1. Looking at segment A:31-49, is at least one residue among the acidic types (Asp, Glu) and at pLDDT below 95?
2. Test residue A:36 against the criterion of being assigned by TED's automatic domain parsing to the domain that holds residue A:19 and under 12 Å from residue A:14 (Cα atoms), and give yes or no.
3. Within segment B:178-186, is even one residue within 11 Å of DNA strand C (Cβ to nearest atom) and in contact with a Phe, Trp or Tyr (Cβ under 6 Å, 6 or more places away or on another chain)?
4. Tell me whether segment A:175-194 contains one or more residues that are away from DNA strand D (no atom under 14 Å from the Cβ), touching a residue at least 24 places away in the same chain (Cβ under 8 Å) and at negative phi.
5. Got a number for residues in segment A:145-171 being closer than 22 Å to residue A:70 by Cβ and acidic (Asp, Glu)?
6. Select from segment A:58-72 the residues that are touching a Leu at 6+ places or on another chain (Cβ under 9 Å) and closer than 15 Å to residue A:29 by Cα and list them in ascending order.
7. Do we find that residue B:172 is out of contact with any strand residue (DSSP E or B) (no Cβ under 7 Å at 6 or more places or on another chain), within 13 Å of DNA strand D (Cβ to nearest atom) and of a type outside the set (A, V, I, L, M, F, W, C) in this structure?
There are 2 protein chains.
Amino acid sequence: MDVDPFSFAVAADLVVLTIRERVLHVLLVERGIEPAVGMWALPGGFVLPEEDAEATAYRELAEETGVTAGVHLEQVRTYSAPDRDPRGRVVTVAWLALAPDLGEPSAGSDARSARWWPVSDVESGALSLAFDHVAIFGDALERARAKLEYSALATAFCPPEFTIAQLRAVYEAVWGVPVDPRNFHRKITGTPGFVEPTGEVVRDGGRPAQLFRRGPVSQLQPPFTRPEH
Amino acid sequence: MDVDPFSFAVAADLVVLTIRERVLHVLLVERGIEPAVGMWALPGGFVLPEEDAEATAYRELAEETGVTAGVHLEQVRTYSAPDRDPRGRVVTVAWLALAPDLGEPSAGSDARSARWWPVSDVESGALSLAFDHVAIFGDALERARAKLEYSALATAFCPPEFTIAQLRAVYEAVWGVPVDPRNFHRKITGTPGFVEPTGEVVRDGGRPAQLFRRGPVSQLQPPFTRPEH
DNA sequence: ACAATAGTGTCTATGAGACATTATACG
DNA sequence: CGTATAATGTCTCATAGACACTATTGT
C-alpha cells in the first residue's frame, strides 16, 4: 500500500445570488477564524461524516439566511488544487443558490459578519475574496447567466407569485442589459408551461399587472438568448 | 473541535466516449480488486496527495488508453453520497472525455480487462455497472449530447483532419438520430470559425470531400439543436 | 386630461428544415 | 454510361427583434 487515500477534507461553498432593488447581489461572509481572518469569502463549511455535499450546502444556507424552502440549489463544479487551502487538502464542491430577496443575512459561528454585496463589486475586483473564491464566484455567476437563456431558472429569483415585469427585472439584473418589455411579455406568455396566471392582479400606478406562478416547464424551447453573446 | 474533517478519499472517475464504426462507445473496465470484483465500472482512481482531480483524470486516461493528447476532458459533477462506496467516505469527481477512435484499451493494474462498450448496452440496462456508475454515466452522456448543440465539441471525436461527413457521423452517433447532410453542410460551413478547410481532399468512391480542421470558435451561435428535444 | 405601466399587433430579417439540383469522383 | 458521395440552391415556415399602438389604472 502506498499512501492512505483517506486524508482529504471535503467542503461545500455557496454562491448565493439574489436581487435587491433591481441589482444582483451575492452573499458573502467576513471570516472570523483562521485562515484569512477578516477577508470576505463565500459561505460554506466542511461536509460532515454522515452528510453528502448537498446536505452540507443546505445546512450552510439555512445557517446564513434562515431559509432553504423556495431556494434553487444546484452544483457547479469541484475545486481541488493541492494548495488552494493552507490547512491542507481541502476539496470543495461549489453550489449555486438562487433566492428571492431574503432580507439581511446572519453571520454563522465562524464568521464576523455577513452581508449582500453587489456582484459588480466582486466582478470588478474592487472587493477581493479569500482562497480561490473569486474563480468559484465567476464560474457560478456565468452558470446562472447562461441558464437563464435555456431554462425557467429566473423564477427562482421571484416570490411564489410575480408579475411579468418582475420576471423581466430578473433578466435585466442578472444579465446587466435592458430587455424589451413587449417582446419579453410575448416570449414568456407564449411559452406554454413557463408561467401560469393566478387570476390575481396587482396595482402599482399604472395598468394593473397579472400575477403568475412558475409553471411545470423547466427547459425553454426555443431559448431566450441574451444580446451579443 | 468535533470531528477531524480530513477523513475523506477523493477519486476521479472517467466517462470516456468514442465513436467506433458509427456507434458511440464508452470505455469500461472489469474490476480486478475488491469491492465489486468482476463487475464493469468506469475507469478511475484516487487523487494522490500532490495532484488535483484533473491530473488524476489525465493519469487514469493515459493508463487505460495510452494517450492524453488530442482528448477533450471536462468536469461533469461530483458524487458524495455517504454510502456510495463500501470502503468508506469516497467522494468522486466525474470527468467526461471525448476522443477519436483510439483502438483497444489496456487494463490498468487493478482491472481484469478493459474494453469499449456501445453506450446503448449501458443505457438499456443490459449491462449494469458497479457503485453509482450508471448515474455518473448517464449525467456525462447527457452533458455530451447537450454540448454538441451549442459548442464545437463534436470535433473532439474526430482526428485532426476530417470531412464534413465524418463530423456529421459524430452528431448522428451521439444523438442517435439521422441528420440531413445538405442542411448540416450549410450550417457547419456557414458558421465562421467552427471548421477551417485544409485545402486537401479525400477520395472514397464519390465526389472527393474537402478536409477540415477545427477552427478557433468553441461556442456555436446560433446552436444546432437536435430534433424534438 | 395626463402620466405611467400592462399588454397586443405589425413588420422585417434571419435561420431551420424539407428537398431539388449540380459537381466530381469510380466502375 | 450509371452510381455514389459532395456541395450548392430554393422554397416555406417560425421566430427574434424593432417599434407602433391600445388598455387600464392613479393623480
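The values are calculated or read from the model by the stated rules, or taken from the named source; none is laboratory data. It should be emphasised that the depicted structure is a prediction, and the values quoted were computed from it without experimental measurement. Using ideal geometry, Cβ is built from the backbone for each residue, glycine included, and neighbour counts are taken over all protein chains shown.
1. Yes, some residue in segment A:31-49 is among the acidic types (Asp, Glu) and at pLDDT below 95.
2. no
3. Yes, some residue in segment B:178-186 is within 11 Å of DNA strand C (Cβ to nearest atom) and in contact with a Phe, Trp or Tyr (Cβ under 6 Å, 6 or more places away or on another chain).
4. no
5. 1
6. Result: A:60, A:61, A:64, A:65, A:66.
7. Spelling it out, residue B:172 is indeed out of contact with any strand residue (DSSP E or B) (no Cβ under 7 Å at 6 or more places or on another chain), within 13 Å of DNA strand D (Cβ to nearest atom) and of a type outside the set (A, V, I, L, M, F, W, C).
Residue-by-condition table, conditions (1) at pLDDT below 95; (2) small (Gly, Ala, Ser); (3) in the same structural domain as residue A:35 (by TED's automatic domain parsing):
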{"position": "A:58", "(1), (2), (3)": "no, no, yes"}
{"position": "A:67", "(1), (2), (3)": "yes, no, yes"}
{"position": "A:70", "(1), (2), (3)": "yes, yes, yes"}
{"position": "A:76", "(1), (2), (3)": "no, no, yes"}
{"position": "A:82", "(1), (2), (3)": "no, no, yes"}
